[in-house]
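The next block holds one structure in the form of structure tokens; read it before the comments.
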Amino acid sequence: MRLLLVEDSQRLRVTLVRALARLGYAVDEARGGDEAMASVGVHPYDVIILDLMLPGKSGLELLETWRRRGDLTPVIILTALASVADRVRGLALGADDYLVKPFAIEELAARLEAVIRRHRGQADSRIRVADLEIDLAARTVRRRGTALSLTAREFSLLECLARHPGRVFSREQIEARLYGEADSPLSNAVDAAIYALRRKLSPGDEPVLIHTRRGLGYVLQESP
């Protein structure tokens, strides 16, 4: 999942980027309104985490502009403004959630997952493909009841494929979801990640679930 964090506090920005990266999110950073507008114009994001008090355009001005343009990317407002009036205004302008500082990273992670799930019409945090079960909230993976140990990046890759089983993702689409602007992945990074994940999902003689579509990309499904 690829996120945009719009926050002018460098200390908080660095802390959040590190924490979210450990959870497997690819995070782009914007320090103010102009940077945020530029990033949204270039990259597709799964969620935007938006501070309200920013240099230049305020967070509410950004949100209003995006919604007026028809951009429905989920937005979680992250701010020290805690009054009911502030919450109501943010939600009325189209925010999907509102989190007041200070907060626990675990709460932000839970809200991120809930917002993404709602946006995609998924009532359950669990996804099942054949005998594979992925719990997006608990970030666990089981096959035939056996727990599998994945790295944060591997889980993000699996999540990308599993949210749309049967859909073919190109290397470029996968790379855009797994890596942020600050990352410099090798040219074969996606292929290597797919190979490692495929081996973990299909140990021994287990049927393969990740299939290659030559010239197109990769797909998660029960049969080729």
Worksheet item: Which ³J(HN,Hα) values in Hz, rounded to whole numbers, follow from the phi angles of the range 83-94 under the Karplus curve 6.51 cos²θ - 1.76 cosθ + 1.60, where θ = phi - 60° and Gly and Pro get x?
Response: 6, 4, 4, 5, 4, 4, 5, x, 5, 5, 7, x
Worksheet, complete the sentence: Taking the range 102-152, the whole-percent share of alpha-carbon pairs separated by over 17 angstrom is 43
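With charges set only on the Cβ (+1 for Lys and Arg, -1 for Asp and Glu), what does the dipole of the chain come to about its Cα centre, in debye to the nearest 20?
So the dipole magnitude of the chain works out to roughly 460 debye.
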Worksheet item: FRET efficiency for Arg142 and Val42, Cβ-Cβ distance as r, R0 = 41 Å, nearest 0.05?
Response: 0.65
Fill in: Spin-label zone in the range 17-37 - amide nitrogen under 19 Å from a point set 7 Å from the Cα of Gln173 along the C-beta vector
26
Worksheet item: Measuring from label point to label point, each 7 Å out along Cα→Cβ, what is the Leu216 to Asp131 span in nm?
Response: 2.7
Fill in: At R0 = 35 Å, FRET efficiency that the Cβ-Cβ distance of Phe103 and Lys200 yields, to 0.05
0.60
Practice prompt. Specify which residue in the list Leu91, Val208, Ser156 is farthest towards the positive end of the charge dipole of the chain, using unit charges on the beta carbon of Lys, Arg (+1) and Asp, Glu (-1), about the Cα centre.
Written response: Val208
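Round to the nearest 0.05 the FRET efficiency obtained for Arg87 and Arg120 when R0 = 30 Å and r is the Cβ-Cβ distance.
Once rounded, the FRET efficiency stands at 0.80.
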Item to complete: Find how many whole Å separate the alpha carbon centroid of the range 118-159 from the alpha carbon centroid of the range 49-80.
Response: 30
Fill in: Residue-by-residue Karplus 3J(HN,Hα) for the range 207-219, coefficients 6.51, -1.76, 1.60, Hz, glycine and proline x
x, 6, 10, 9, 10, 9, 9, 3, x, 10, x, 10, 9
Fill in: Size of charge dipole - the range 2-119 - debye, nearest 20, with Cβ of Lys, Arg +1 and Asp, Glu -1, no other charges
120
Worksheet item: Once the piece of chain linking Ser149 and Arg18 is laid out straight, how much longer is it, given 0.36 nm per residue of separation minus the C-alpha distance between them?
Response: 45.0 nm
Worksheet item: How do Glu7, Glu154 rank when sorted from fewest to most other Cβ atoms within 10 Å of their own Cβ?
Response: Glu154, Glu7
Fill in: Interchain or long-range residues, amide H under 5 Å from Arg126's placed H
Leu136
Worksheet item: Once amide H atoms are placed 1.01 Å from N in the peptide plane, what residues at a sequence separation of 5 or more from Tyr98, or on another chain, have their amide H within under 5 Å of its amide H?
Response: Ile77
Practice prompt. Tabulate in residue order the Karplus-calculated ³J(HN,Hα) for the range 51-64, using 6.51 cos²θ - 1.76 cosθ + 1.60 with θ = phi - 60°, rounded to whole Hz; enter x for Gly and Pro.
Written response: 6, 8, 8, 10, x, x, 5, 6, x, 5, 5, 4, 4, 4
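Throughout, read-outs are computed from the coordinates displayed, never taken from laboratory work. Not measured: the values here are computed from a predicted model. Virtual Cβ from ideal backbone geometry, glycine too; neighbours counted across all protein chains shown.
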